[in-house]
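Colleague: This is the structure I have questions about; it appears just below.
The values are calculated or read from the model by the stated rules, or taken from the named source; none is laboratory data. Here the structure is a predicted model, which is why all the values come from computation and not from measurement. So basically every Cβ, Gly included, is an ideal-geometry build from the backbone, and we count neighbours across all protein chains shown. These area figures cover heavy atoms from the full protein model, side chains too; ligands, DNA and RNA do not enter into them. Shrake-Rupley method; radii C 1.70, N 1.55, O 1.52, S 1.80 Å.
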Amino acid sequence: MPDIALEPAPPTQLAARMESMSFLQHLEELRRRIIYSLLAVAVGFGVCFWYAAGIFALMQRPIMEALHRHKLDERLVYLNPTEPFNIYLKVGLIAGLFVASPFVLYQLWMFISPGLYRHEKRYVLPFMFSTVGLFLAGGFFGYTTVYPAALDFLIGYGQQFQPMITIGEYTDLFLTIIVGLGIVFELPILVFFLALMGVVSPGWMWRNLRYSILVIFVIAAIVTPTTDIMNMCIFAAPMVTLYLVSIGIAWLVHPARRKNKA
């Protein structure tokens, strides 16, 4: 009986790609992407620090309007000579991070893209636009709706006192609300990846809807700077809406549905 030569099975496309780069090459690629990202953040910081006074003027507009409505002194104070300079540094850095975030996300995608199939690489633009767009939507919602309502309630509640609001305390409160809501609006992106990996399913999310709403209101009660129910509901309403949208996203990308479609 003649011997039959068994040829080794050809490596898969993903395995071939992973074997094409050594461990040191992966580290070199990671180092290069990190350097590019840091340079982008440095450039963004330089530009935003130059305009830090104008950026802070936009940041303090909600408190100025709230003080004006209650006929109070429209001025913030500082308690340390270095505080204004430090605040401008902080504002410039955070604004620079935000300005450079699309480029940083692109560098992250370029690092992981060699391990993806061609049809998976088409998600790069939707990923970048949706991530930045949802964060912008959360920050805009906080700046125009949540934050002014919270300030109006808080200043009106303590109207019998003379406010002496420092720029440091105000900046911390502003960033907590605006950045916090921006992160909360990233919920669909988080659910997208969890559902893509099969960690959560749309059925599980729908069955636990009542518990999720309870958790959302608890988070809203913790995050909101006021104690009234109205502001808590203003916080919770977009979170509930985003959760319902996330159920639809989980249904679209869950492995079970993609397997049935295939």
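Colleague: Quick one: compute the contact order of the chain, relative version, from alpha carbon pairs under 8 angstrom and 6+ residues apart, as a percent.
Modeller: RCO, the chain: 20 percent.
Colleague: How much FRET efficiency would the formula 1/(1 + (r/R0)^6) give for PHE193 and ARG61, where r is the Cβ-Cβ distance and R0 is 30 Å, rounded to 0.05?
Modeller: Calculated transfer efficiency: 0.25.
Colleague: LEU93 to LEU24: extension gain in nm, 0.36 nm per residue of separation minus the Cα-Cα distance?
Modeller: Length difference between fully extended and current span is 21.6 nm.
Colleague: Leaving out ligands, DNA and RNA, what percent of the accessible area of the chain is carbon and sulfur, probe 1.4 Å?
Modeller: 71 percent
Colleague: Same structure again: As a test question: what accessible area, to the nearest 10 Å², does CYS233 have when a 1.4 Å probe is rolled over all protein chains in place?
Modeller: Surface open to solvent at CYS233 totals about 50 Å².
Colleague: Give the long-range amide H neighbours of VAL77: residues separated by 5 or more places, or on another chain, with amide H under 5 Å away, using H modelled in the peptide plane at 1.01 Å from N.
Modeller: It is ILE165, THR166, ILE167, by chain and number.
Colleague: Let me ask something else about it. Tell me the per residue accessible area of the chain using a 1.4 Å probe; a whole number in Å² is fine.
Modeller: 64 Å²
Colleague: Could you work out the Kirkwood radius for the range 167-242, taking every pair of different alpha carbons, averaging 1/r and inverting it, reported in Å?
Modeller: Hydrodynamic radius (Kirkwood, Cα only) of the range 167-242 equals 13.8 Å.
Colleague: Looking at the range 123-203, which chymotrypsin sites (Phe, Trp or Tyr not before Pro) are DSSP coil and have at most 13 other C-beta atoms within 10 Å of their C-beta?
Modeller: Passing both the DSSP loop test and the Cβ count: PHE161.
Colleague: Probe radius 1.4 Å, ligands and nucleic acids left out: which of HIS68, HIS26, HIS254 has the largest accessible area, and how do the rest follow?
Modeller: The ranking, largest first, comes out as HIS68, HIS26, HIS254.
Colleague: Moving on. Counting only protein chains, not ligands or nucleic acids, how are ILE219, ILE229, ILE167 ordered by accessible area (probe 1.4 Å), most first?
Modeller: ILE229, ILE219, ILE167
Colleague: Provide the solvent-accessible area of ASP73, counting protein heavy atoms only and rolling a 1.4 Å probe, rounded to the nearest 10 Å².
Modeller: 80 Å²
Colleague: Among TRP251, TRP109, TRP206, what's the order by accessible area (1.4 angstrom probe), most exposed first?
Modeller: The residues order as TRP206, TRP251, TRP109, largest area first.
Colleague: Here's a follow-up. How big is the range 96-232 by Rg and Dmax over its Cα atoms, in Å?
Modeller: 19.1, 64
Colleague: Kindly express, to the nearest 10 degrees and within the range 0 to 90, the angle between helix 124-141's C-alpha long axis and the longest C-alpha principal axis of the chain.
Modeller: Around 20 degrees separate the two axes.
Colleague: I need the calculated FRET efficiency for the pair MET164 and PHE85, taking r as the beta carbon distance and R₀ as 25 Å, to the nearest 0.05.
Modeller: 0.75
Colleague: Cα-based Rg of the chain per 2.2 N^0.38 Å, rounded to two decimals?
Modeller: 1.34
Colleague: May I ask you to evaluate 6.51 cos²θ - 1.76 cosθ + 1.60, the Karplus curve with θ = phi - 60°, for each residue of the range 240-253 and list the ³J(HN,Hα) values in order in whole Hz, giving x for glycine and proline?
Modeller: Taking θ as phi minus 60°, the curve returns 5, 4, 5, 5, 5, 5, 5, 4, x, 5, 4, 5, 6, 10 Hz for the range 240-253.
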